[in-house]
Amino acid sequence: MMFQFTLFLLVPICGMGALGYFLDSKLGTKWIAILFFFIGALAGFRNIYRFAMSISDDKKDPEGNESEGGSEKKK
């Protein structure tokens, strides 16, 4: 699971940073790599958030209700 968190964060950052660096070298600019790095970081944190929420959704009971800790039974 920790490996997935690492991949979900590093792949967008490295990919967007590399794309920005490539575009900077082709277009002769110096700011696109920085912009794309931050876009990749935002995408990476969004991936981690969505993955963490999917893990927490798996902890619900089979009917899709969260455990309330009470002794009431639903009919």
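Of the set (1) exposed (fewer than 13 other Cβ atoms within 10 Å of the Cβ); (2) at pLDDT 90 or above; (3) part of a helix (DSSP H, G or I); (4) not acidic (Asp, Glu), all apply to Met16 but (1). Tell me yes or no: at least one residue of region 27-40 is exposed (fewer than 15 other Cβ atoms within 10 Å of the Cβ), out of contact with any strand residue (DSSP E or B) (no Cβ under 9 Å at 6 or more places or on another chain), closer than 14 Å to Phe5 by Cβ and not basic (Lys, Arg). Among the residues of region 27-40, not one is exposed (fewer than 15 other Cβ atoms within 10 Å of the Cβ), out of contact with any strand residue (DSSP E or B) (no Cβ under 9 Å at 6 or more places or on another chain), closer than 14 Å to Phe5 by Cβ and not basic (Lys, Arg), which makes the answer no.
The values are calculated or read from the model by the stated rules, or taken from the named source; none is laboratory data. Keep in mind it's a predicted model, so treat the numbers as computed, not measured. Heads up, the Cβs are rebuilt from the backbone with ideal geometry, glycines too, and the neighbour counts pull from every protein chain shown.
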